[in-house]
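What follows is a single structure, written as structure tokens, with notes after it.
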Amino acid sequence: MTSSKDILTLPHDQLESIQLEGVKQTVAKCYENIPFYRDSFDAAGFDPRSVQTLDDLARAPFTTKQDLRDNYPYGMLAVPLKDVREIHMSSGTTGVATVGAYTDRDLEIWGDCFARGVFYANGGENDVMHVCYGYGLFTGGLGAHYGGVAAGCTTIPMSAGNTERQIRVLREMGSTILCCTPSYAMHIADTAIAMGLDPAKDFHLRAGIHGAEAFSDNFRADLEKKLDYKVLDVYGLTETMGPGVAVECWEQNGLHLAEDHFFAEIIDPETGKRLPDGEWGELVITTIDREASPVVRYRTRDITRIIPGQCACGRTHRRIDRLHGRTDDMLIIRGVNVFPSQIEDVMKTVPELASWYQVELTTVSHLDRVTLKVELEQGFDFDEIAAIERLQRSVEAKMKTALSVGLKVKIVEPKSIPRSEGKAKRVIDLRKGNE
Ligand code: DLL
């Protein structure tokens, strides 16, 4: 099927008819097959048969990440497990991950949605696509991979890591499209430069499809200069599919939502009320044709807006703006989602540590560096340097296991972290673009 290009230029009123039909089916299916939705719709007095227009959906209750966690592992499935072909999970928070399940058709649609990014980059069968998002439970690797295959690219499943090898393969295979997080793309570029190469000349890249974390316009300009290619932003989340929910086109003026598969609303995160196009708020997504893991009014916590008006590219699917942070305290560290509460959970298992801590995020050669400063519990000897160093290493190892991302632990003297009179400032984000 792969992105029959007609769907991308369908008049918007026709897209809305597709959305209305899909939304009606989604709310009905969720009510029938998922006890969580039956309870939540009943509790809110929301009758799924009452949806006659897209505005009517605003009466349905929201779904949150916590709801998905509470129903881990299979409570949110709308189909029997035998029909689920693949499972992904988002990096767990407080130990419980959220699950995204896919039927054969869901996988096909996923590939189709990411393939749009390839088409937006004017790509296809003449491209060699180098995928170094992580393969595994994270949706980045396989989502991009299915997209590359659906778009007809020669797709290279590199996964992340071993940067020198990435560089060798990029050069030798003549890769033309690079898919990874923007920070990893920058790290590849800088490592290549440090190896004495000029990636603008020695690589053959035309386009990068980068997402999973926010990056500034300056960062993008720097990346484009170093690699002599064009960077397209791709957005997505495990709870609604993975990468490909929205992708930027060659105009680089917002990300086209895949509106034939997702219905998007922007709400005021405080009041929950829908906001008009153009206003910034929280993105809420309802899946239209997701079979295994449909969601109704999922609160993404991501801050964006619908860009009013038509895109110069001529495609009719509405655009969201590049993301402006989140409404919760989730941190995205090298593409991995981390909640401060996960850090606290590990700290609680170590009796020598007090509960006062601070997480400092910095950027070192374009990659996130995380330092956790944590106070020693009173009564333990801070002057025992060797013991403190051993403790630091052991806490680092525990954090790495729990968070799937490495951080540096610095144990500091009791009472040395500044106390605040208001909310404790647990996170100091000194990363470029966040200062
Ligand atoms: O990060 C899916 C993905 C993979 C998107 C590869 C793009 C490329 P999760 O791990 O579930 O899924 O994390 C989802 O990451 O709610 C946003 O806060 C953030 N995020 C994703 N894409 C972008 C982006 C993947 N383009 C969470 N810009 C989302 C800024 C992004 N933040």
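The values are calculated or read from the model by the stated rules, or taken from the named source; none is laboratory data. Not measured: the values here are computed from a predicted model. Glycine also receives a Cβ, built like all others from the backbone with ideal geometry; neighbour counts cover every protein chain displayed. Just so you know, the surface numbers come from the protein's heavy atoms only, side chains and all, with ligands and any DNA or RNA stripped out. Shrake-Rupley method; radii C 1.70, N 1.55, O 1.52, S 1.80 Å.
The table that follows gives values for the structure above.
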quantity	calculated
Net charge dipole size for the chain [Lys, Arg +1 and Asp, Glu -1 on Cβ; Debye, nearest 20]	580 debye
Candidates per GluC sites (Glu not before Pro) in the range 254-333, loop by DSSP, up to 10 other Cβ within 10 Å	E270
Of I209, Y357, P11, farthest towards positive along the dipole that unit charges on Lys, Arg, Asp, Glu beta carbons give the chain	Y357
Within the chain, helix-based [θ] at 222 nm, where runs of 4 or more DSSP H residues each add -39,500 (n - 2.57), nearest 500	-9500 deg cm²/dmol
Those GluC sites (Glu not before Pro) in the range 57-129 that DSSP places in a loop and that have at most 13 other beta carbons within 10 Å	E125
L137 - accessible surface, heavy atoms, 1.4 Å probe, Å² rounded to 10	90 Å²
Candidates G123, G45, G143: whichever shows maximal mean-square fluctuation once the chain is modelled as a Gaussian network with Cα springs under 10 Å	G45
Positive-pole candidate from V27, T181, P199, dipole of the chain, charges at beta carbon	P199
Burial order of peptide ranges 248-254, 235-241, 192-198 (average beta-carbon count within 10 Å, highest first)	235-241, 248-254, 192-198
Reachable lysines, given that their alpha-carbon falls under 22 Å from the alpha-carbon of K348 and they are not under 8 places away in the same chain	K373, K398, K400, K408, K410, K415, K423, K425
Charge sum, other residues only, whose C-beta stays under 14 Å from C179's C-beta, Lys/Arg counted +1 and Asp/Glu -1	-1
Cα pair count fraction exceeding 33 Å, expressed as % - the chain	38 percent
Karplus (6.51, -1.76, 1.60) ³J(HN,Hα), θ = phi - 60°, over the range 152-157, in Hz, Gly and Pro reported as x	x, 6, 7, 10, 10, x
J(HN,Hα) series, the range 270-282, from Karplus relation 6.51 cos²θ - 1.76 cosθ + 1.60, nearest Hz, glycine and proline x	7, 9, x, 7, 5, 10, x, 3, x, 8, 7, x, 8
Qualifying trypsin sites (Lys or Arg not before Pro) for the range 160-210 [loop in DSSP, other Cβ within 10 Å: at most 15]	none
Packing-based ranking, highest mean first, of 148-159, 210-221 given that Cβ atoms within 10 Å are counted	148-159, 210-221
Contact order normalised by residue count of the chain, Cα under 8 Å, 6+ apart, percent	14 percent
